[in-house]
Amino acid sequence: MPTFRQLLEQARAVVPEVLPEALSPRLRTDDAPVLLDVREPDETAEGHLPGAVLLPRGNLELGIERMVPREREIVVYCASGVRSMLAARTLFDLGYGRVSSLAGGFGRWSDLGLPRVRPAQLRPDQKERYRRHLSLPEVGEAGQAQLAS
């Protein structure tokens, strides 16, 4: 049975990394990759890259096929680049051929002052009221916050 370190090294052997400085200008082009944020909801509340698909790592295998077509290029990111490396390896195993991991993750992106979006936040009473809406992937907290405003 491989250790965590061995799994990470195996992933690094097959998953390319892209630097934030190289990715940023590509996001303004017609062939921009899909940005896939695999952080948890409490982390994405701090902000995310503009246009990113938010899919926590624990839901990756269940949700990716309905959200991103296999032929699209995907750049996966997390807080520091570790979970995204493992998630990208999983995507390769699922048949996604054009996958890379953002080097340094959201932390490095933010440190460089690159564009990010901070989603609207719901109050605790709103979260309780809209609990069913929040469970729908098509709505989620960000969509419900837009509807509530």
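The values are calculated or read from the model by the stated rules, or taken from the named source; none is laboratory data. Bear in mind that the values here come from a model prediction, so they are computed numbers and not experimental data. Note that we place each Cβ from the backbone using ideal geometry, even for glycine, and neighbour counts take in every protein chain shown. In case anyone asks, the SASA skips ligands and DNA or RNA and just uses the protein heavy atoms, side chains included. Shrake-Rupley method; radii C 1.70, N 1.55, O 1.52, S 1.80 Å.
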Name, by its number, the condition in (1) closer than 21 Å to R28 by Cα; (2) open to solvent by less than 30 Å² (accessible area, probe 1.4 Å) that does not hold for T90. (1)
Return the only residue of G63, G58 being of a type in the set (G, A, S), open to solvent by less than 30 Å² (accessible area, probe 1.4 Å), under 23 Å from L136 (Cβ atoms) and not in a strand (DSSP E or B). G63
Looking at R70, R108, R83, R39, can you tell me which residue is touching a strand residue (DSSP E or B) at 6+ places or on another chain (Cβ under 9 Å), part of a loop (DSSP other than H, G, I, E, B), at pLDDT 95 or above and surrounded by 13 or more Cβ atoms within 10 Å (Cβ to Cβ)? R39
Residues of segment 42-51 being open to solvent by less than 60 Å² (accessible area, probe 1.4 Å) and either free of Cβ contacts under 8 Å to residues at least 24 places away in the same chain or not in a loop (DSSP other than H, G, I, E, B) (or both), which ones? E43, T44, H48
Residue pairs, Cβ under 9 Å, 6 or more apart or interchain, first in segment 127-139 and within 13 Å of G63 (Cα to Cα), second open to solvent by 80 Å² or more (accessible area, probe 1.4 Å) and modelled with pLDDT under 70. List them. none
